[in-house]
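Take a look at the structure below.
The values are calculated or read from the model by the stated rules, or taken from the named source; none is laboratory data. These figures come from a predicted structure and were not determined experimentally. Cβ atoms come from the backbone with ideal geometry, glycine included; neighbour counts cover every protein chain shown.
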Amino acid sequence: MEVRWLEDFMALARTQHFSRAAELQHVSQPTFSRRIKLLEEAMGTTLINRQTLPLSLTPAGHVFLEMCERITRDVRDTRDQITALEADAATRISVGSTQGLFSHFYSGWAERIGMRDRLEINLKSTNWVGEDFLDALDNGEVDMVLCYWHDDLPWRSRLNPARYEWLTLERERVTPFTISQDNGEPRFTLPGSVEQPVPVIAYHPRGFLASAIVAHLGRTAPQAHLLPLNENTHSASVKALVKQGFGMGWLPYRMGEKSEHFGQLVRAGDETWDVFVDIRLIRLRQPRADDTLTLWNELVKQYA
């Protein structure tokens, strides 16, 4: 049973005439009559009294008419709601974000700047790694990218100012965390030694944080002795393994703050081991939509 068949029945109930109803529905009379017959077969009863002039509805037909009006009204209202939702979505700026920033930064930031209703996260982006974000900007999958940035990224030169524009929103502290022992002391402590390297839950080398951590360790004395156990794309995965006691790992401080307060995670080293990166919002210098440029200019004023 199709919605248009219900509309056919409503037209017939209004006109009380097969030919006029068929004309209103822009179909031939034989086709129209066949649809009405299919409706009656589907309902298992006669809906139209064909013995009267003009045609009339049977008692079952009156009940069926009420159902037709209710269903077509609901379909129309739902269609209008979907159209409104699509129109609203079309005016939103699509943002690609790393999983960690989406989980622990994006919502509060968007609310704070008063633009939550104008931005929409592309959820697929939480599975992207490193340069995937700039690829997405280039091919139009997103209008803006929210990510970490630092001078030790091996592909930092790709962020050509002739093609991209960016805003630094905040400075992020990335801190080494471990679970605590029963006495409150950290289970694993930097820098470790050649004989007893510190097990570490590492980041994927294509991501934003791995190269920042490696570069910082290369500039820090004493030398850290680490035993990488695995590599993870997302900081949430690093945190999960750290909390299970497999090793220590660097986490954006905001991700360890709450757990540290409740004694679940503690520092695996003092502040000399902290790594600092920028939280950046990046867009194409020549955006595909005027709305992107309008919102960007408003952001620039807020961060001026």
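Below, the figures for the structure above:
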| read-out | value |
| --- | --- |
| Subset of the stretch 203-242 (residues that are among the hydrophobic types (A, V, I, L, M, F, W, C), touching a Phe, Trp or Tyr at 6+ places or on another chain (Cβ under 9 Å) and either outside any helix (DSSP H, G or I) or over 16 Å from Tyr148 (Cβ atoms) (or both)) | Phe208, Leu209, Leu217, Ala224, Leu229, Val242 |
| From Thr168, Thr175, Thr189, Thr126, residue being part of a loop (DSSP other than H, G, I, E, B) and hydroxyl-bearing (Ser, Thr, Tyr) | Thr189 |
| Candidates Leu53, Leu6 - the one that is without any contact (Cβ under 8 Å) to a residue 12 or more places away in the chain and either touching a helix residue (DSSP H, G or I) at 6+ places or on another chain (Cβ under 8 Å) or assigned to a loop (DSSP other than H, G, I, E, B) (or both) | Leu53 |
| Pairs, first aromatic (Phe, Trp, Tyr) in the stretch 16-44, second in a loop (DSSP other than H, G, I, E, B) and surrounded by 15 or more Cβ atoms within 10 Å (Cβ to Cβ), C-beta under 7 Å, six or more apart | Phe32/Gln25 |
| Condition met for Gly245 (part of a loop (DSSP other than H, G, I, E, B) and in contact (Cβ under 8 Å) with a residue 60 or more places away in the chain) | yes |
| Among the residues listed as Leu153, Leu101, the single one being crowded, with 16+ Cβ neighbours inside 10 Å and under 23 Å from Val300 (Cβ atoms) | Leu101 |
| Residue pairs meeting the criteria (Cβ under 7 Å; at least 6 apart or on separate chains; first free of Cβ contacts under 8 Å to residues at least 40 places away in the same chain, in the stretch 122-150; second assigned to a loop (DSSP other than H, G, I, E, B)) | Asn122/Glu141; Asn122/Val142; Ser125/Val142 |
| Count of residues meeting criterion [surrounded by 17 or more Cβ atoms within 10 Å (Cβ to Cβ), polar (S, T, N, Q) and touching a residue at least 40 places away in the same chain (Cβ under 8 Å)] in the stretch 215-242 | 2 |
| Yes/no for Phe246 being more than 22 Å from Leu137 (Cα to Cα) and assigned by TED's automatic domain parsing to the domain that holds Ile113 | yes |
| Residue check for Val277: crowded, with 17+ Cβ neighbours inside 10 Å, closer than 30 Å to Gly96 by Cβ, hydrophobic (A, V, I, L, M, F, W, C) and within 27 Å of the chain's Cα centre (by Cα) | yes |
| Any hit, the stretch 193-214, residues being out of contact with any strand residue (DSSP E or B) (no Cβ under 7 Å at 6 or more places or on another chain), crowded, with 20+ Cβ neighbours inside 10 Å and at pLDDT 95 or above | yes |
| Hits in the stretch 89-119 (condition: among the acidic types (Asp, Glu) and modelled with pLDDT of 90 or more) | Glu111 |
| Considering residues of the stretch 30-78 that are within 15 Å of Asp8 (Cα to Cα) and among the polar types (S, T, N, Q) only, the residue surrounded by the most Cβ atoms within 10 Å (Cβ to Cβ) | Ser33 |
